[in-house]
Amino acid sequence: MENNQRTTITVQVPTEKEIASKREVAPVSFGVALILFFFTFCDLQCTTGQKITSVSGFNLVIGKKVKPPMGDGGNYFDADPTQQKGKIPPNIWAILAFLAAGTGLGAYLKKHPHEPLVGTIAGGVGAMSLFIMRIGFKSAVTSMQIVAVFKIWFWLCLLGLLLGGAISFLRWKLEGYPTPNKNPATAGPVNVNPVNPIDPTNTPSA
């Protein structure tokens, strides 16, 4: 007689509180994203498949000189003919993403009192900037008949920013959305002596 017993596999999904309790994941994610900027984000190729150059995330931040294929001296990236030919200019969105990763990491390393809020903003701004950068960069090089092939390091960097921002958001959410209070009048309750409060109507009896 066959044994028809079924094996039940239970998968326990972590709660928001359990995920948010992993504070160390946020700075590690921001740190990894920052390091990945020094890896190849994309390869530039001709439409024939000939590789022109590799571009790291940091190259997009500070710019990079590119030797045109076949040594024809063509100007592939600069719209302004007075600029140096064959140079990828700094990309404002890559700069924002790089600064966002550094800001998120710094907030956690310094244990900023509002690190969940700072991490949430840094992760969101960084991820959005990388996404916009990819769209704009691909569009720019495609108009020059150049193909940009984005590598896994770019996607891992994007994932690091998203993960750091997500963990920060959950921590910020579970803490009740605390925000910096710049108004000293509402900084907190004023402790008043219950025996002799400062009240002109409350005077000791003779």
Inset, instruction - Take Gln12 and decide whether it is out of contact with any Cys (no Cβ under 8 Å at 6 or more places or on another chain) and modelled with pLDDT of 70 or more. - result: no
Legend entry - Every residue from the range 91-134 that is more than 18 Å from Gly57 (Cα to Cα), among the hydrophobic types (A, V, I, L, M, F, W, C) and touching a Phe, Trp or Tyr at 6+ places or on another chain (Cβ under 7 Å): Leu117
Inset, instruction - Please state which of the following conditions Tyr108 fails to meet, knowing it meets all the rest: (1) under 16 Å from the mean Cα position of the chain (by Cα); (2) surrounded by fewer than 16 Cβ atoms within 10 Å (Cβ to Cβ). - result: (2)
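The values are calculated or read from the model by the stated rules, or taken from the named source; none is laboratory data. All figures in this text were calculated on a predicted structure; none of them were measured in a lab. We place every Cβ from the backbone using ideal geometry, glycine too, and count neighbours over all the protein chains shown.
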